[in-house]
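Enquirer: Mind looking over this structure? Questions follow.
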Amino acid sequence: MKRKGILFVISAPSGAGKTSICSEVVDRMPHLRQSISYTTRPKREGEQDGVDYHFISRRQFDQMVHDGAFAEWAEVHGNSYGTAKDTLQKAQDDGADVLLDIDFQGAAQLRQSGLDGVFLFIMPPSMKELERQLINRDTDSDAVIKRRMQNASNEIAQAVHFDYVVVNDQLPRAVETVMAIMRAESSRTRRAIETLPDEFGLKSST
Ligand code: 5GP
């Protein structure tokens, strides 16, 4: 018996290790589908269109906004990013759990729209460590790193609005914690009951 898919929304300041956590969690939880966002950001080396993002022009992005195609969208570090309604609808139709790696503005839009999601915030152990990660990543210019550090304090202040805060002091531990949260959420009474046989007579009580 299938239950409805769960929508997991993960946000963090960039450099907190969110992308590593998400890809490890998706590898280890085969039933979990990662939502692929649309963005106007130029492709980084090694990124693939349709795998990491759907890379589209500003004009295409604006058209999608105009058509109401996004469940949420936001400007992040000077580029636009959005989650298509279709992506979420398809996951829901398939009964698949879906993972959204999006910024806190997008997370706030989804929460305010009354979406039944689970909101996780990945926290760096310290500001110093966050800066070190951004520098080590070596994909962004000094100006971009500076801008991301300035945005970080703003982003960290949003953690209080999330259901869970996971500190990424050690990647394997953070991955385990995120997976534990996901398993616990799928055992929530209202969700677990959906998967039980009718003979228990529990479904009518939800
Ligand atoms: P990056 O350019 O480093 O891949 O991502 C920058 C930020 O944009 C990250 O915080 C990432 O989570 C966020 N982001 C990626 N996709 C989306 C999306 O569809 N919507 C929103 N609101 N943010 C996104």
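Enquirer: Residue by residue, what Karplus-based ³J(HN,Hα) values in Hz, rounded to whole numbers, does the stretch 143-156 have, using 6.51, -1.76 and 1.60 with θ = phi - 60° and x for Gly and Pro?
Expert: Values per residue, Gly and Pro as x: 5, 5, 4, 4, 5, 5, 5, 5, 6, 4, 5, 4, 5, 4 Hz.
Enquirer: What would the Debye formula give as log10 I(q)/I(0) at q = 0.13, 0.14 Å⁻¹ for the alpha-carbon point model of the stretch 1-113, no solvent?
Expert: For the stretch 1-113, the Cα-only Debye profile gives -0.49, -0.57.
Enquirer: Let me ask something additional. Subtracting the Cα-Cα distance from 0.36 nm times the residue separation, let me have the gained length for R132 to L202 in nm, one decimal.
Expert: Gain on extension, R132 to L202, equals 20.1 nm.
Enquirer: A follow-up question, please. In whole percent, what relative contact order does the stretch 52-166 give with Cα contacts below 8 Å and a gap of six or more residues?
Expert: So the answer I get is 23 percent.
Enquirer: Can you list the HN-Hα couplings for the stretch 173-183, worked out from phi with the Karplus curve (6.51, -1.76, 1.60; θ = phi - 60°), rounded to whole Hz and with x for Gly and Pro?
Expert: 5, 5, 4, 4, 5, 4, 5, 5, 4, 4, 5
Enquirer: Residue by residue, what Karplus-based ³J(HN,Hα) values in Hz, rounded to whole numbers, does the stretch 46-56 have, using 6.51, -1.76 and 1.60 with θ = phi - 60° and x for Gly and Pro?
Expert: Values, residue by residue: x, 7, 10, 5, x, 10, 7, 8, 8, 7, 10 Hz.
Enquirer: Something else about it: Applying a 10 Å radius around every beta-carbon, put 188-198, 123-133 in order of their mean neighbour count, most first.
Expert: Those peptides, ordered most packed to least, come out 123-133, 188-198.
Enquirer: Quick check for me: using +1 on Lys/Arg Cβ and -1 on Asp/Glu Cβ, what's the dipole size of the stretch 1-90 about its Cα centre, in debye to the nearest 20?
Expert: 380 debye
Enquirer: Now a separate question. Too long at a 32 Å Cα-Cα cut-off: which of K85/K128; K2/K43; K18/K203; K90/K128; K18/K85?
Expert: Checking Cα-Cα distances, K85/K128; K2/K43; K18/K203; K90/K128 exceed 32 Å.
Enquirer: In whole Å, largest first, what are the principal axis extents of the Cα atoms in the chain?
Expert: 62, 40, 30
Enquirer: OK, next. Count the DSSP beta bridges whose two residues both fall in the chain, then state the antiparallel fraction as a percent rounded to the nearest 5.
Expert: Looking only at bridges with both residues in the chain, the antiparallel portion is about 30 percent.
The numbers here are math on the coordinates, done by the rules we state, and not lab data. Model, not experiment: these values are computed from the prediction. All Cβ positions, even for glycine, are placed from backbone atoms using ideal geometry, and neighbour counts span all protein chains on display.
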